[in-house]
1. Please report the antiparallel percentage of the DSSP beta bridges confined to the range A:175-291, to the nearest 5.
2. From the phi angles alone, apply the Karplus equation (6.51, -1.76, 1.60; θ = phi - 60°) to the range B:307-318 and give each ³J(HN,Hα) in whole Hz, x where the residue is Gly or Pro.
3. Quick one: 3J(HN,Hα) in Hz for the range A:417-426, Karplus 6.51/-1.76/1.60 with θ = phi - 60°, rounded, Gly and Pro as x.
4. Can you find, among B:134, B:186, B:94, the residue farthest towards the positive end of the dipole of the range B:89-242? Put +1 on the C-beta of Lys and Arg, -1 on that of Asp and Glu.
5. What is the interface area between chains B and A, defined as buried accessible area summed over both chains with a 1.4 Å probe, reported in Å² to the nearest 100?
6. With contacts defined as alpha carbon pairs under 8 Å and 6 or more residues apart, what's the relative contact order of the range B:170-248 in percent?
7. Going by Cα centres, the range B:423-451 and the range A:32-110 are how many Å apart?
8. Could you pull out every residue, at least 5 positions away or on a different chain, whose amide H is within less than 5 Å of the one on residue B:220? Hs are placed 1.01 Å off N in the peptide plane, and Pro or chain starts have none.
Protein chains: 2
Amino acid sequence: MKRYETFADQIAELIRGGVLAPGERVPSVRQASRQYGISHSTVFQAYYLLEDRGLIVARSRSGYYVREQARRVLDEPRMTPSRQESADVSVSELVFSVLDSLQDPDTVPFGSAFPSPELFPLARLARSMAKGLGAMTGGEVLRDMTAGDADLRRQIVLRYTLKGMPLPPEELVITSGAMEALNLGLQCVTEPGDLVAIESPAFYASLQILERLKLRAVEIPVHPREGVDLDVLADSLARLPIKACWFMSHLQNPLGASLDDDRKRALYALIKRHRVPLIEDDAYAELHFGTTPPKPVKQFDDEGLVIHCGSFSKSLAPGYRVGWVAAGRFAEAISRLKLMTTISPSVPAQAAIADYLQHGGYDRHLRRLRHALETQQGRMLTAAAQHFPAETRATRPAGGYFLWFELPERVDSLRLFHLAREHGISLAPGPIFSATQGFRHCLRLSYGHPWTPRSEAAMATLGELIDAF
Amino acid sequence: MKRYETFADQIAELIRGGVLAPGERVPSVRQASRQYGISHSTVFQAYYLLEDRGLIVARSRSGYYVREQARRVLDEPRMTPSRQESADVSVSELVFSVLDSLQDPDTVPFGSAFPSPELFPLARLARSMAKGLGAMTGGEVLRDMTAGDADLRRQIVLRYTLKGMPLPPEELVITSGAMEALNLGLQCVTEPGDLVAIESPAFYASLQILERLKLRAVEIPVHPREGVDLDVLADSLARLPIKACWFMSHLQNPLGASLDDDRKRALYALIKRHRVPLIEDDAYAELHFGTTPPKPVKQFDDEGLVIHCGSFSKSLAPGYRVGWVAAGRFAEAISRLKLMTTISPSVPAQAAIADYLQHGGYDRHLRRLRHALETQQGRMLTAAAQHFPAETRATRPAGGYFLWFELPERVDSLRLFHLAREHGISLAPGPIFSATQGFRHCLRLSYGHPWTPRSEAAMATLGELIDAF
């Protein structure tokens, strides 16, 4: 983290907290330099960054001001209680029609599940691939197919350790992306017909996987900032024969909510008391804004009950399909399931990531990526405040690349989805995030792509389409 | 196919058919040159090849003779009828202990499921990977994740077409190896508890997958040369509510049996009459000896009932984990299952194989690979004839890299497996190929690794261990 970035974060915090009001002048370069003990050029760099993030605006000859558009900060969405005790899931058809809408490269990709590949060091990774493959003997190719790339395993274990979570290497299973890890984890601890506690709204793929495995969903509401409602969860665990929990404790998809450490500890205590395994989907672990990396619920796992699933797909190497699971007591069972399902993730892809982690500058790349995403979030929020109806509520997550919008009740996001598609804009309508197809007036938009005039125009168009309801 | 290879195959055929008896002199170089209209050096090249394959031997100053060891050609194994109507499967534990035994790189790998990686053009593939990745935009990375690499799709469709089986591109789904293709195919057409017709003996992974999906096996005996017994199959299909067949029509694992085209046609007619989908595992398609590539049952599929699964893992790129399925009427369902399971095979691995297929010389590599395997088969058969008891029966498949041995009834192949392991030799004992753990006195040995004095010594050791029963 560079000095100017730290300073920019401090000013951003003042703006978000209302200490610096919209229209107000931010400290002059001279003031800031003296007050914070930094050079003029550092202040300038920080202000350029805040301008990029849509938080301040330069007025010629008079300095920088908090943007007017930041005046109307959108309210936080409300928490929606679940409508029924448990439910069969049948959302797949709807999800697939949304995924289909993303295939057209000319579409404005607000519905995309991935950040723009332009944000990733693909050329550097290709060099790592060549190097990793060149260093590999034929025998290693076969060995890595069952055990996983030895260097990659070491690097992943090292990253856990550096976060203060030493990981016994035998707990680690390398998988074909987090998606396979989640699938195998769930298969490992459930039988068809079992109840699984999931979030509401939830990542649609978890709904599809429950549907495929013929599991029943117990939907636990998620507070848009604080994460899954632990009181409701405690009640459900006490009353229902829930066989597994599947939660995202950090940057939950689609809300972006994160449990703080106290809530994570409480969540772990709950699952431990009821002896219910937790499948912790931590695909966005590295996409936190600010400097302090949060730790997952896994940090408290003293009984091997947490199946912690991670991935490089959202932070480094989209399309390489390399993820992992720190699987606690289920490691051997999951490893065997994997041998029967796909045998192994691609060996060259593993070698490329292993080399990159050692020599590529992963942490430097992550800092750049986080800043790009934070800037893009500011742009989208600003545009939403300007173009969407006044009653619109929106999240403001501390990371990731999704915003969740709660629109006026009269808006039907499924119809909006089809209308937007006709205008060349993709989006993710609320009902695909719910086993019971709720959240009809909600939508998820991705700011994972660099912000362009086209993005701005698409937000204006969406605003008009919403107004027409 | 070079001229000398064709000529060598003709001579080999004469030896196998008994026209040239053990100890008999093969045509002199001059005779052969005149009779077949080829140059002296072509005849020499062919004889060197046949020497390599263990079929002939040079005697100084007097020419080439059919090897004495070829005298005792091992008899063909017998066909074993199934012992019960249908069975729950529980073979996984046993299979995993066999797979574990392969982890030690110092073990003689007769139990290995893969040919030696030294037989594959891994360095050339790495260059293709660099080229393929370099040519790829970020947008393509995301697009290829759902649809698969466009060039790779074209190349696979082209290979079907060149074999006289035009394939509608929309039938093709790229998968993480054949293993994922087989898994998804089976999941697509069955529910837990359903009956599935499989071969006996069968590829152990098919047994594991049935076990995992809680399917019941109807074991259809396989003739060691002619393939699955169609009379038994017809009877089973008529009497039992079988929901799917899972067969290898070509180079069946472990027997190496292949159905001829008439039998393939008859098999297709059967499944069509009963409207039962066929999952056709064709992982060894390219490993046929001789010049004529056989066509799968899929060639007769006029109703989209055949789910034809292929892979590059055994013929080109072990560890890349790229396979495919020509899925007939089930293509969309399988494609969706894949999106929910692993999303996509590794995009760089797809790009590498796509580039290699266009520019790498795949067919040249395949010819070399087939000749290496055929030579290694000759060596192992010769060694078996020399070291194993006289009552031993063995297959002599027209491709692949497995031999199946039927030992005297007193031999317990599970005990042999453990004894051999203590001597640093891996092997695949018969019971892992059967839902009901039959084939107790049988074993599968791989000749997929280059033959060395150590291989020869290992065969002698196995012979001693077998004699001790």
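1. 15 percent
2. Listing the rounded values in order: 9, 8, 9, x, 7, 9, 5, 9, 10, 8, 9, x Hz.
3. 4, 5, 4, 4, 4, 5, 9, x, 10, 9
4. Positive-end residue among those listed: B:134.
5. On the way: alone 19460 and 19460 Å², together 34900 Å².
Adding both sides of the contact gives about 4000 Å².
6. On the way: 82 pairs, mean separation 27.8, N = 79.
In percent, rounded to a whole number, it is 35.
7. So the separation of the two Cα centres works out to 60 Å.
8. B:198, B:199, B:200
The values are calculated or read from the model by the stated rules, or taken from the named source; none is laboratory data. Just so you know, these numbers come straight off a predicted model, no measurement behind them. Positions of Cβ are generated from backbone atoms using ideal geometry, with glycine treated the same way; all protein chains shown enter the neighbour counts. To get the accessible areas, we keep the full protein, side chains included, count just its heavy atoms, and leave off ligands, DNA and RNA. Shrake-Rupley method; radii C 1.70, N 1.55, O 1.52, S 1.80 Å.
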